Amino acid sequence: MTPGPPSPIVAQMSGLPLLDLTTLSQNDVQKLFSEAERLSHEGPRDRQNSELRRGLTAALVFFEPSTRTKLSFETACARAGLAPIGLHGAGGTSLEKGESLEDTVFNVAAMSPAVMILRAPDEFDMRAVSAKLTMPVLNAGWGRRGHPTQALLDLFCLWREGRDLQAERLLICGDIRHSRVAASHLQLANILGVQVGVCGPGELLPETPPPGVHQFVSLSEGLEWATSIMALRVQLERHQGSFDLETFRKNWTLSAERLAGAPEFLRVLHPGPVNWGVELQEDVMRLKGCRILSQVEGGVWIRQGLIERALGVWS
Ligand code: CP
């Protein structure tokens, strides 16, 4: 990495970044949910943002692959009146010539986007880079550290159905150890008073059980406790050794059959992408309580709300 960005980039921060959820209060999250809900009722004709924000851009710099988060943020930018500019993976960029991730971000920042949306690996110091930029940074997935917008949109999905989040018992099932989504859910649960439980094979559970988190030895035990269940992708690309998928399927794969006796209030979530036949069977999509595509739909409003918060439209 070179010594640092040229001086125009280092300046007073305007707007609100979101690197993790620890900076949010319960009131902030409630306001975000209300704002996202309001935005979801706007039609294209209600949006006066294009004129208001003419010429403003949002930079989406994604050093790791993405479908939902990238396109959701791009949609949110379009609805917020910002033109998204994007870098998606190394292909065709100067990363292939050896330019560092940090230099890449500083150079994109020099093009003065109004907001910087970053997906980066663990080794990238998002906090240090953010501190050197004038525009707010939104974390769109940071290695195993966190995926704050995903956790927010997951609980927004439950909240907008009128569910009382303080009575919610969220069971996270599968590859919790490697999951940035689970990491952000543990933070968000503390803020909102959601109870969290985990279940899965021992090697995929947190090395140190987080305080206050219920740990279940079987899916059926967890399901007796849960009001909602979130399956997580088995992230083979982040595993060190070999992994016994057959045993995982036998004990932990969610299917319509396994969920047949579940109460009507049980909601089934997955942040995507799904490994079909590993953490979920396809028939789960047909269950009345399945909200996997509702999560994606609501994610746009959460991200638009966060972009507008980052621009100082509301706080
Ligand atoms: N949930 C999620 O982050 O999906 P993508 O990796 O496709 O963005």
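Can you name every residue in the range 100-131 that is in contact with a Pro (Cβ under 8 Å, 6 or more places away or on another chain) and either surrounded by 22 or more Cβ atoms within 10 Å (Cβ to Cβ) or outside any helix (DSSP H, G or I) (or both)?
Hits for the range 100-131 are A109, A110, V115, M116.
Yes/no matrix, rows are residues, columns are (1) of a type in the set (D, E, K, R); (2) touching a helix residue (DSSP H, G or I) at 6+ places or on another chain (Cβ under 7 Å); (3) farther than 30 Å from L39 by Cβ:
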| residue | (1), (2), (3) |
| --- | --- |
| G200 | no, yes, yes |
| E221 | yes, no, yes |
| E224 | yes, no, yes |
| G241 | no, no, yes |
| R249 | yes, no, yes |
| T253 | no, no, yes |
| V278 | no, yes, yes |
| V284 | no, no, no |
| G312 | no, no, no |
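With the condition kept exactly as written, say whether any residue in the range 49-66 is touching a strand residue (DSSP E or B) at 6+ places or on another chain (Cβ under 6 Å), among the aromatic types (F, W, Y) and either buried (at least 16 other Cβ atoms within 10 Å of the Cβ) or assigned to a loop (DSSP other than H, G, I, E, B) (or both).
Checking the range 49-66: at least one residue is touching a strand residue (DSSP E or B) at 6+ places or on another chain (Cβ under 6 Å), among the aromatic types (F, W, Y) and either buried (at least 16 other Cβ atoms within 10 Å of the Cβ) or assigned to a loop (DSSP other than H, G, I, E, B) (or both).
Looking at the range 225-252, which of its residues are among the hydroxyl-bearing types (S, T, Y), part of a loop (DSSP other than H, G, I, E, B) and at pLDDT 90 or above?
Residue satisfying the conditions is T227 alone.
Looking for whichever is of a type outside the set (K, R), within 26 Å of T134 (Cα to Cα) and either in contact (Cβ under 8 Å) with a residue 40 or more places away in the chain or within 16 Å of the ligand (Cβ to nearest atom) (or both) here; the options are L39, L56. Which one fits?
Result of the check over L39, L56: L56.
Any idea which residue in the range 142-170 is surrounded by the most Cβ atoms within 10 Å (Cβ to Cβ), counting only those that are part of a strand (DSSP E or B) and either within 17 Å of the chain's Cα centre (by Cα) or within 12 Å of the ligand (Cβ to nearest atom) (or both)?
Restricting to residues being part of a strand (DSSP E or B) and either within 17 Å of the chain's Cα centre (by Cα) or within 12 Å of the ligand (Cβ to nearest atom) (or both), the top hit is G146.
Looking at E102, E168, E123, which is the one that is of a type outside the set (G, A, S) and under 24 Å from L280 (Cβ atoms)?
That would be E168, the only listed residue that is of a type outside the set (G, A, S) and under 24 Å from L280 (Cβ atoms).
Being part of a helix (DSSP H, G or I) and out of contact with any helix residue (DSSP H, G or I) (no Cβ under 7 Å at 6 or more places or on another chain) is the filter; apply it to the range 70-93 and report the residue that is nearest to the ligand (Cβ to nearest atom).
Going through the qualifying residues, I end up with K70.
Mind telling me which of the residues G305, G272, G312, G222 ends up being in contact (Cβ under 8 Å) with a residue 60 or more places away in the chain and in a helix (DSSP H, G or I)?
Criteria check complete, one pass: G305.
Among what's in the range 246-273 and is surrounded by fewer than 18 Cβ atoms within 10 Å (Cβ to Cβ) and within 16 Å of the ligand (Cβ to nearest atom), pick the residue that is nearest to D154 (Cα to Cα).
Result: G272.
So which pairs qualify, if the first residue must be in the range 108-122 and of a type in the set (G, A, S), the second must be surrounded by fewer than 20 Cβ atoms within 10 Å (Cβ to Cβ) and not in a loop (DSSP other than H, G, I, E, B), the Cβ gap must be under 6 Å, and the two must be at least 6 apart or on different chains?
From the range 108-122, the pairs are A109/I9.
The values are calculated or read from the model by the stated rules, or taken from the named source; none is laboratory data. It should be emphasised that the depicted structure is a prediction, and the values quoted were computed from it without experimental measurement. Neighbour counts are summed over all protein chains in view; Cβ atoms, including those assigned to glycine, are modelled from backbone coordinates with ideal geometry.
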